[in-house]
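Okay, so here's the structure we're looking at.
The values are calculated or read from the model by the stated rules, or taken from the named source; none is laboratory data. Values in this document were obtained by computation on a predicted structure and should not be read as measured data. Every residue, glycine as well, gets a Cβ built from its backbone with ideal geometry; the counts of neighbours run over all protein chains shown. With ligands, DNA and RNA removed, areas are computed over all heavy atoms of the protein, side chains included. Shrake-Rupley method; radii C 1.70, N 1.55, O 1.52, S 1.80 Å.
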Amino acid sequence: MSGTNQSSVSEFLLLGLSRQPQQQHLLFVLFLSMYLATILGNLLIILAVSTDSCLHTPMYFFLSNLSFVDVCFSSTTIPKMLANHILGTQTISFSGCLTQMYFVFMFVDMDNFLLAVMAYDRFVAVCYPLHYTAKMTHQLCALMVAGSWVAANLNVLLHTLLMARLSFCANNAIPHFFCDVTPLLKLSCSNTHLNEVIILSEGALVMITPFLCILASYMHIACTVLRVPSTKGKWKAFSTCGSHLAVVFLFYGTIIAVYFNPLSSHSAEKDTIATVLYTVVTPMLNPFIYSLRNRSLKGALKKVVGRVVFSV
């Protein structure tokens, strides 16, 4: 096949997570519940940070951006799956599939970059507490978030254009609930070697560089905390990073398991489980992970919930 897009496939079939009707109904209820929990939890964090002046700090600014990205991330995949179940259809157009893939991976990249930015914030807070205000200015915080959006869009645009050049000739069934890059590459009747090389090189660089920045930040944090004489002081310093570390391990563990292996080693079942973890479970858990370990945020959330309850 030629490199230009001569696809005879005008739409794809999203087979979902199960083909058994009873399991489909159960999965619909489960995913709807997780989606509502994701939206509610993350919107509450955004509302709490925006309304409580005590939370107008770089750490919570980045956290509210992460919550916004997670709301968008979940809304890119789950509503389409729920709508297909209600309408009794599995189809998604070719352009709709590429659009969904674009936004899925743009928000994956944004999660990736924001986690690295948040690690840098914790590094400055723990290792240079006296210079924190001077270093983490509003301008720098806004610049890091804006730069993350630009880098994420440029990276995903490259992969989307490479996918658009492929041809899809016969089989159009995607054994997934959204348009993921791995099953799409398997369906293509073109040579996908360039796509795989770019994913394993440029894509890996985009994911691994922030991860290495996170590791470097926490190595410096650990060295600084270990020099603190009191056990209470050490625990207090580490406790400010625990929530972020939990999210980092959950996010990167599933991403690496899915994408940074040769295409031949992938199985639909393992990929589906891992992608459900990072596209559905992680955005849902993030608000709980951060709020359960943070007294200031818990206090702000109680105020927000209290205002909402009394206003109803």
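Ala48 meets each of the listed conditions (1) at pLDDT 90 or above; (2) of a type in the set (Gly, Ala, Ser); (3) under 25 Å from Tyr278 (Cα atoms) apart from (1). Counting residues in segment 98-112 that are open to solvent by 10 Å² or more (accessible area, probe 1.4 Å), among the hydroxyl-bearing types (Ser, Thr, Tyr) and under 17 Å from Tyr60 (Cβ atoms) gives zero.
One line per residue, one yes/no per condition, for (1) of a type in the set (Gly, Ala, Ser); (2) open to solvent by less than 50 Å² (accessible area, probe 1.4 Å):
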site: Ala119; (1), (2): yes, yes
site: Arg122; (1), (2): no, yes
site: Ala125; (1), (2): yes, yes
site: Lys135; (1), (2): no, no
site: Val145; (1), (2): no, yes
site: Val150; (1), (2): no, no
site: Met163; (1), (2): no, yes
site: Leu185; (1), (2): no, yes
site: Thr209; (1), (2): no, no
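Among the residues of segment 173-194, those identified as among the hydroxyl-bearing types (Ser, Thr, Tyr) and under 14 Å from Val9 (Cα atoms) are Ser188, Ser190.
Per the listing Asn155, Asn195, the residue uniquely open to solvent by less than 20 Å² (accessible area, probe 1.4 Å) and in contact with a His (Cβ under 9 Å, 6 or more places away or on another chain) is Asn195.
Exactly one residue out of Ser53, Ser67 is of a type in the set (Ser, Thr, Tyr) and at pLDDT below 90, and it is Ser53.
Within segment 282-295, the set of residues being open to solvent by 70 Å² or more (accessible area, probe 1.4 Å), at pLDDT below 75 and part of a helix (DSSP H, G or I) comprises Leu292, Arg295. From the list Ala134, Ala142, Ala146, Ala119, the one residue that fits, being assigned to a helix (DSSP H, G or I), more than 23 Å from the chain's Cα centre (by Cα) and at pLDDT 90 or above, is Ala134. Only one of the numbered conditions (1) at pLDDT below 90; (2) surrounded by 16 or more Cβ atoms within 10 Å (Cβ to Cβ); (3) closer than 14 Å to Asn84 by Cα is violated by Gln24, and that is (2). When Ile198, Ile255 are checked against the criterion of being at pLDDT 85 or above and either within 23 Å of Thr99 (Cβ to Cβ) or assigned to a helix (DSSP H, G or I) (or both), a single residue qualifies: Ile198.
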